[in-house]
Amino acid sequence: MLPTTSKGRTSSSSTSRVNSPTFPQYLRRIIKWQQMDIEYTFWQMLYLCTSPKVVYQHTKFHKQTKNQWARDDPAFVVISSLLLAVATLAYCAAYDHSAGHAVFVVISVVLFHFLITGAGLATCCWLYAFDVHCNSFFPMFVMLYVFHYFLSPLLVAHGFIPVLLSNLLFMVAASYYHYLNFLGYYVLPFLERTAFFLYPIGFVIVLSPICKYLSAISHWTLVSGCFVSQPLSSFNIAVILSGFNPSRYFMNVYFSQRV
């Protein structure tokens, strides 16, 4: 069922919304580097990848001390955008041939993959919901932009192993993103049924081609000392034979050099 607001704690929700920083104030702080807590931002980024529950424990402390759930410091958004731009430039340097196209890719990735997508997904307590998206996005960025970049020569190669590893990386990254979404909304005391935010993980796993590969393996049974293949559905056969590689797909979509 969809998340709902607890009637007994509606007043707490209203208070948090009233005391949240306004969007214009938040934007004005972006150009004031001296007011940004860079060290704390990098600490959050590290723990979002290793122990995300610790980060949301600090979110509770932030609510207790400043009486607001959302960050009033845009440092996390600024640094994430810069890191995303640098990573995208690295991809363009390796897989693109046009400087103009590279600039277009960088702008589109930062704006659409990160900022506009986060703004569109934000729901209750808009600025806090955007914070949750940013928190969830960073580990996915590490996996799909940083790790993926260094592993890309292997991941875009032809063969079963590259296809398997590429799908596994994308599946883990997407699942971890939704898990962090769940943690972000779970700490809000006025929300109920936050387990709803875990449901997309099930869809990611079920729809992943990895499940089809494992299904294919499970159809081999031991009969009289020999492995015998059991019939597969036409859908499983199509997915297995297609060898869909998300790394190759997205690299070919965004960059001029075909892989």
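So here's what we get for this one:
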item: Residue list for region 53-74, filter: of a type outside the set (S, T, N, Q), surrounded by 18 or more Cβ atoms within 10 Å (Cβ to Cβ) and part of a helix (DSSP H, G or I); result: 55, 56, 63
item: Selected residue (criterion: most open to solvent (accessible area, probe 1.4 Å)) from residues of region 244-259 that are assigned to a loop (DSSP other than H, G, I, E, B) and not aromatic (Phe, Trp, Tyr); result: 258
item: Selection count, region 160-180, where residues are of a type in the set (Val, Ile, Thr) and in contact (Cβ under 8 Å) with a residue 40 or more places away in the chain; result: 1
item: Count of residues meeting criterion [small (Gly, Ala, Ser), in a helix (DSSP H, G or I) and open to solvent by less than 50 Å² (accessible area, probe 1.4 Å)] in region 91-133; result: 6
item: Tally, over region 152-164, of residues that are in a helix (DSSP H, G or I) and crowded, with 18+ Cβ neighbours inside 10 Å; result: 4
item: Condition broken by residue 140, with the remaining ones in (1) modelled with pLDDT of 95 or more; (2) open to solvent by 30 Å² or more (accessible area, probe 1.4 Å); (3) more than 30 Å from residue 188 (Cα to Cα) satisfied; result: (3)
item: Pairs where the first residue, in region 67-89, is closer than 20 Å to residue 47 by Cβ and the second is surrounded by 19 or more Cβ atoms within 10 Å (Cβ to Cβ) and acidic (Asp, Glu), C-beta under 6 Å, 6+ apart; result: 70/131; 71/131
item: Close pairs (6 angstrom Cβ cut-off, 6 or more residues apart or separate chains): assigned to a loop (DSSP other than H, G, I, E, B) in region 29-50, at pLDDT 95 or above and not basic (Lys, Arg) anywhere; result: none
item: Residue match in region 75-88 (condition: modelled with pLDDT under 90 and either among the hydrophobic types (A, V, I, L, M, F, W, C) or open to solvent by less than 20 Å² (accessible area, probe 1.4 Å) (or both)); result: no
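The values are calculated or read from the model by the stated rules, or taken from the named source; none is laboratory data. From a predicted model like this one, the values you see are computed outputs, not experimental measurements. Neighbour counts are summed over all protein chains in view; Cβ atoms, including those assigned to glycine, are modelled from backbone coordinates with ideal geometry. For accessibility, only protein heavy atoms count, side chains too; no ligands or nucleic acids. Shrake-Rupley method; radii C 1.70, N 1.55, O 1.52, S 1.80 Å.
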